[in-house]
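A short worksheet on the structure shown next.
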Amino acid sequence: MPLNLSPKDREMLDGKYGEAAKLAMSIVVRMAEVLEVDELMDISQAHIDGCGLMSDASLDFAETMARLGGKVAVPTTLNMIPLDLQNWEKQGVPQSFANKALRMAKAYIDMGCIPTWTCAPYQGTLTPFFGQQIAWGESNAIAYANSVLGARTNRYADFFDLCAAITARVPKEGLHLKENRKGQILFRLMDIPEDFEWDDSFFATLGHLIGRIAQNRIPVIEGLRGNITSDQHKAFGAAAASAGAVGLYHIVGITPEAPTLDAAFQGAQPEEIVEITLGDLLEARKDLSTIHTNDIKINAVILGCPHFSFTEFQRLAESIEKNHKKLHPDVRFIVLTNQMTFSLLKRSNIFQTINDFGVEIVLDTCVFHSPIVSAKGQVIMTSSGKCAYYAPGELDVKVVFGNLEECVRSAVEGELYREVKP
Amino acid sequence: MSQVIKGKPIVSGEAKGQAVVSNQPISFWGGVDPITGEVIDRRHECSGTVITGKVFVFPTGKGSSTGSAVLMESIRNGSAPAAIINCKTDPILALGAIVAEELYHKTLPMVIVSQEDIENIQDGDNLIVQPDGTILVNPLE
């Protein structure tokens with residue numbers, strides 16, 4: 001089927017809107033052809049992930065687009081940048097690395113993007129609304145925008161995000177269309193003990209398990225109790241989008257496109273039904289750790305993957321206060337967040353507790369993308385399913401997954417602390 | 001065994017190489033080192049395998065949207081596979097190859113084949129990928 005372009009699409013392709021728009025549109029068109037789509041559609045917001053990786057290719061792309069006069073045509077937020085713009089010198093980041101990251105930041109800002117520098121944009125600025133057509137990068141943010149907010153985006157790749165922001169056009173397909181948003185695989189939670197479900201490691205564990213099984217199918221989850229917080233959705237979606245290609249999930253009775261089981265599947269039958277038992281969850285939780293011996297020395301705790309929210313800082317402060325202890329001198333306690341949350345934190349009554357404990361707050365960036373942790377061969381502990389999934393490959397570390405309380409207690413004791421669990 | 005598979009080229013080009021076959025999807029970010037070409041996802045069955053110059057055969061991509069940037073960096077560095085064969089288009093990987101072609105004029109052929117055909121490609125097979133998406137498996141010299 002040939003691709004029908006609007007007159008403006010053609011003008012962009014012909015260079016009437018400048019060289020950057022021409023290149024961006026030619027990439028959008030090539031993708032539309034790959035996807036065998038017959039037309040493009042408008043988007044009204046974008047989130048760019050292409051600024052996150054410090055690679056020469058990423059810098060080439062950003063600077064080429066900026067040099068060619070690229071300007072975003074819709075409000076566009078930015079994912080983390082490979083540099084803590086405020087603290088990089090203290091963190092020992094090499095000047096040459098910082099220079100490249102600063103060039104990348106400049107290129108995106110010059111193109112009119114909003115310097116949010118966060119992988120949790122949905123908890124900050126310009127949160128999309130139900131039904132809004134958007135083009136987002138960053139797998140965890142995509143899952144949140146589609147599933148929790150009911151906005152519509154595909155899993156856009158780095159670089160395509162900028163092309164969409166410049167042209168305000170995307171191929172009309174995939175999760176932009178209602179009929180492609182119906183559930184495909186049903187997960188039924190079977191008799192999960194209530195205290196297990198209340199544990200804060202539950203959502204990351206469930207996300208890891210469901211992502212691994214669902215892969216690129218849209219999962220529907222039935223049988224979850226109670227309300228789910230924004231932070232719990234974040235933990236679930238980030239883990240599911242790491243272990244699988246989950247860009248949209250439905251939780252019956254909770255997410256906006258799933259008021260009922262029937263609505264989640266849009267009246268169709270599930271392709272597959274999977275029952276999830278406590279045993280499956282315990283196995284998935286175990287799979288998130290790469291060492292399982294008893295007396296494990298912890299070198300660093302890493303939280304905030306995706307970026308810590310203010311409410312997560314509140315919970316961290318509670319846990320620190322409950323333990324009345326100081327951080328073990330051999331343990332680094334790193335929390336990643338963005339400037340918006342940090343500015344709230346500074347105005348709050350928990351900032352001192354967090355600081356006194358010895359938390360290193362890292363802004364704007366990611367441990368996987370900025371050389372903050374030189375942890376090769378060390379043991380890190382995290383409450384994030386996404387961090388636990390990627391750390392072994394990206395940082396060459398051993399990883400222990402635990403809940404927030406276990407992370408804090410382990411950081412105090414310098415070795416792994418486990419709460420008694422079923 | 002020698003055979004011919006008809007695929008659909010999503011990035012058209014010519015390539016030749018030994019097959020590295022996996023039935024597991026992979027995220028290039030966190031999964032492949034763009035400098036060494038090694039699979040670094042320690043949970044992946046290809047962990048430790050260097051895919052540079054190989055024809056990498058796997059069902060589809062998954063995970064991080066930064067996969068496109070890692071693939072493009074691999075192409076820029078010359079550490080990328082010679083070609084990629086999937087049975088489902090992953091827009092993230094496709095985009096990485098497309099932008100690399102636009103920016104660097106370097107082509108990494110990417111071909112989509114049927115589920116049945118992908119199962120007929122064995123690890124270590126000699127593959128020739130042609131611009132029209134035809135794949136020659138263990139061609140007789």
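A compact table of results
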item	result
Output for segment B:48-64, where each listed residue is of a type outside the set (A, V, I, L, M, F, W, C), assigned to a loop (DSSP other than H, G, I, E, B) and over 19 Å from A:D56 (Cβ atoms)	B:G48, B:T49, B:G53, B:K54, B:P59, B:T60, B:K62, B:G63
Residue tally, condition of a type in the set (A, V, I, L, M) and closer than 28 Å to B:E73 by Cα, over segment A:146-169	6
Residue check, B:E73 more than 29 Å from A:S289 (Cβ to Cβ) and within 8 Å of chain A (Cβ to nearest Cβ)	yes
Unique residue being modelled with pLDDT of 95 or more, surrounded by 20 or more Cβ atoms within 10 Å (Cβ to Cβ), within 12 Å of another protein chain (Cβ to nearest Cβ) and closer than 27 Å to B:G30 by Cα when the list is A:A145, A:A164, A:A204, A:A157	A:A164
Residue that is nearest to A:E413 (Cα to Cα), among those in segment A:252-266 that are touching a Lys or Arg at 6+ places or on another chain (Cβ under 8 Å) and not charged (D, E, K, R)	A:A264
Single unsatisfied condition, B:P59 versus (1) touching a residue at least 24 places away in the same chain (Cβ under 8 Å); (2) within 9 Å of chain A (Cβ to nearest Cβ); (3) farther than 20 Å from B:I118 by Cα	(3)
Single residue of B:S22, B:S74 found to be at pLDDT 95 or above and in contact with a Cys (Cβ under 6 Å, 6 or more places away or on another chain)	B:S22
Count - residues of segment B:29-47 that are touching a strand residue (DSSP E or B) at 6+ places or on another chain (Cβ under 7 Å) and within 11 Å of another protein chain (Cβ to nearest Cβ)	8
Any hit, segment A:244-266, residues being touching a residue at least 60 places away in the same chain (Cβ under 8 Å) and within 30 Å of A:Y417 (Cβ to Cβ)	no
Residue check for A:T365: among the hydroxyl-bearing types (S, T, Y), buried (at least 17 other Cβ atoms within 10 Å of the Cβ), part of a helix (DSSP H, G or I) and outside the structural domain of A:V93 (by TED's automatic domain parsing)	no
Condition met for B:I84 (hydrophobic (A, V, I, L, M, F, W, C), surrounded by fewer than 22 Cβ atoms within 10 Å (Cβ to Cβ) and at pLDDT 95 or above)	no
Helices (runs of 4 or more DSSP H) completely within segment A:1-89 that count 2 or more residues being more than 14 Å from every other protein chain (Cβ to nearest Cβ)	A:7-14
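The values are calculated or read from the model by the stated rules, or taken from the named source; none is laboratory data. Remember, it's a predicted structure, so these values are computed and weren't measured experimentally. Quick reminder, even Gly has a Cβ in these numbers, built from the backbone with ideal geometry, and neighbours come from all protein chains shown.
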